[in-house]
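The values are calculated or read from the model by the stated rules, or taken from the named source; none is laboratory data. None of these values were measured; they are calculated from a predicted model. Ideal geometry is used to build each Cβ from the backbone, glycine not excepted, and the neighbour counts take in all protein chains shown. These accessible areas exclude ligands, DNA and RNA; they are computed on the full protein's heavy atoms, side chains included. Shrake-Rupley method; radii C 1.70, N 1.55, O 1.52, S 1.80 Å.
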Amino acid sequence: RAIALGLACLPLLLFALAFARFTGSQRIISGLSVAGVSVGGATAAEAKQRLAERAAKLASEKLHLTLDGKAASVAVADLGLELSVDASVTRALGVARNAGTFSNALVYLGSLSGTEELPAVVRIDRARFNAALSKVEGELIEDLPKPGGIVIEAGVARAIPAAPGRKIAADATLAACSRAVALGQTGNAVVLQAQTSTPALAPGSLER
């Protein structure tokens, strides 16, 4: 009975030893990819080198933005998006380490026979992103909002009301573009959303 019990517990013991060896190492869990780059089993230095190469390529790749059948392409760097190498490696090293022991063990067990795609950490320059988005709006949307104003005719002021129109939903677009970069999926079209907007009359806007 003792031998039978020992044999029954052997797989569990071997798993426990392998898991303990993994948690004590400085290697990323097997089967893991970040931004489309395989980093499973790599050390931090190896993963940084691979992701640095991917980040450099991503910067020049273009995201294909589509809205209502129209399309525009913008380079990832021009959108103010950048893959953060160090933060992404830290995130990858934390998989199967940063949760509770039982949860970590389950993730480790799954990695023995499967693969996982982990989104990279993406740095965002919001001002640059907004500037790039405003440039492509004219290519993708015909009915942009028209600002109101005041005209002076024969010494008499007359208000011109603002006209509502559509603008690209900036927050949703930023989330979609960031996710495409984080997953390294720049080849897929990013479908945008538009929202109705009515510009406010800017104080002091005059036309003569």
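Note on Val191 and Arg97: their simple-model spin labels are 3.9 nm apart, each label 7 Å out from Cα toward Cβ. Taken per residue, the accessible surface of region 64-136 reaches 52 Å², heavy atoms only and a 1.4 Å probe. Summing +1 for each Lys or Arg and -1 for each Asp or Glu among the other residues whose beta-carbon sits under 12 angstrom from that of Phe129 gives 0. Put the Cα centre of region 181-199 next to the Cα centre of region 50-88 and the gap is 12 Å. Ligands, DNA and RNA left out, the 1.4 Å accessible surface of the chain is 58% carbon and sulfur atoms. Residues whose amide H lies under 5 Å from that of Ala169, counting only those 5 or more places away or on a different chain, are Gln193, Ala194, Gln195; hydrogens are built 1.01 Å from N in the peptide plane. Bridges between two residues of the chain, per DSSP, are antiparallel at a rate of about 75%.
Whole-percent P(r), the chain, all Cα pairs, 10 Å bins from 0: 8, 25, 21, 17, 12, 8, 5, 3, 1, 0, 0.
Dipole magnitude for the chain: about 600 debye, using +1 per Lys or Arg Cβ and -1 per Asp or Glu Cβ, origin at the Cα centre.
Once the Cβ-Cβ distance between Glu46 and Ala176 is put in as r, and R0 is 35 Å, what FRET efficiency do you end up with, to the nearest 0.05? The calculated FRET efficiency here is 0.70.
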